[in-house]
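Derivation of every value follows stated rules applied to the coordinates shown; laboratory data play no part. In this text the structure is predicted, and so the values were computed from the model without any measurement. All Cβ positions, glycine included, derive from the backbone under ideal geometry; neighbour counts span all protein chains shown.
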Amino acid sequence: MANVGVIGLGNMGRGMALSLKRAGVNVVGFDAVEATRAALAAEGVETLADIAALCARADVLVLSLPTAAIVEEVVAGPGGILASGKAGLLVVDTSTSHPDTTRKLATQLEAAGMAMIDAPVSGGPKGAITGTMTMVIGGADADVARAMPVLEAMSATRVHVGPVGAGHVTKIINNLLCAAHLLTCGEALRLAQEAGVEPARMLEGINAGSGRSGVSQVNAGTWILNGAFNSGFTMKLMRKDVKLGTDLLASLGLELPMFAGTAGIWADSATTIPDGEDFNRIVETVFPGKKS
Ligand code: NAD
């Protein structure tokens, strides 16, 4: 098995590093925040102080970073992977990022004898730490095959959807759908409540019928109806993902009314729901919760 470095040790990267270690992989980690590195080191994963040190130790680098701009900085910025990595290094970007950025960076890495695939994930921090995430993968067949033992240690389901960038296109579509499902599920909860049907019972019926979604089956029961709102995925990151969707539609000159409406509501929510709140809170724009 390859030596693996994980860059970005937040809600997702921490769990990925721990899953890799549990699978017997030789794993080292790096995060820009010293306290985050120290926290993972206390959990038994060796951490290093910069990307150059990571590049010296790893054959495969797994990225779990907040935005496309930060991925670009880590790959192509000063002291980044392009500057420090050796020929043969394989970069696996699990961040939810922009496909154009991904394709550009993959081309730059290839010119330096390195390679990149995109393998964005679903499953949240729980999926990361249990190694049961779903990955949608973009990349050349040979690179995906080389990454496979590392991907398998972090995920239960993997779908190779196309060449470099295709994983990020698919992930953006997934999150546009999730963003829309949260709004429609919130409206369904509100409608049931106003019509005198207990929202949880309504969902039980819907979840056995054709109106169900991942949100109605998982989010509603796990984080919404019980008021927990602790999924580990923030409004800030989901707003970023919806914006990636808006950008993708615009770059293709596509006007799709449901996605456009969804994007508008998520963008407007910035004035009422702070960045650090759980992303499931978007339902509160239409479903304020149980009436006392
Ligand atoms: P997070 O904010 O918890 O973690 C990101 C980490 O990256 C932080 O620890 C931060 O310090 C670090 N970082 C930032 N800039 C850096 C740099 N220049 N160099 C090194 N480290 C740097 O975010 P997260 O929730 O772990 O999400 C990571 C990615 O995974 C995002 O793209 C997100 O959209 C995606 N994602 C998240 C979830 C989820 O449920 N949290 C689910 C699926 C996908």
Report the label-to-label distance for Asn230 and Ala156 in nanometres (one decimal), using points 7 Å from each Cα along the Cα→Cβ vector. 2.2 nm
When only Cα pairs under 8 Å and 6 or more residues apart are kept, what is the percent relative contact order across the stretch 23-180? 17 percent
Using only the Cα atoms, what convex hull volume per residue in Å³ does the stretch 95-169 have? 78 Å³
Apply the a/c threshold of 1.5 to the C-alpha gyration tensor of the stretch 137-252 and tell me whether it is rounded, prolate or oblate. prolate
Determine, from the Cβ-Cβ distance of Met1 and Ala83 and an R0 of 30 Å, the FRET efficiency 1/(1 + (r/R0)^6), rounded to the nearest 0.05. 0.70
Taking the radius of gyration and the Kirkwood hydrodynamic radius from Cα positions alone, what is the Rg/Rh ratio for the stretch 1-132, to two decimal places? 0.93
Taking 0.36 nm per intervening residue step and subtracting the Cα-Cα distance, what contour gain separates Thr130 from Glu73 on full extension? 17.6 nm
Simple spin-label estimate for Ala41/Asp100, 7 Å along Cα→Cβ, in nm, reads 4.0 nm
Give the Kirkwood hydrodynamic radius (Å, one decimal) of the stretch 128-189, defined as one over the mean of 1/r across all pairs of different Cα atoms. 12.9 Å
For the stretch 211-292, just the Cα set please: Rg and Dmax, both in angstrom. 13.8, 47
More than 15 angstrom separation, counting every C-alpha pair in the stretch 54-102; what % is that? 40 percent
Using only Cα atoms, what Kirkwood radius does the chain have, in angstroms? 19.8 Å
Could you give the length gained on full extension between Glu194 and Asp141, defined as 0.36 nm per residue of separation minus the Cα-Cα distance, in nm? 13.9 nm
Of Lys126/Lys243; Lys171/Lys236; Lys126/Lys171; Lys21/Lys126; Lys21/Lys86; Lys104/Lys171, pairs whose Cα-Cα distance is over 21 Å: Lys126/Lys243; Lys21/Lys86
Environment charge at Asp275 (Cβ cut-off 9 Å; Lys +1, Arg +1, Asp -1, Glu -1): +1
Among Leu189, Leu182, Leu254, which comes first, then next, by fewest other beta-carbon atoms within 10 Å? Leu254, Leu189, Leu182
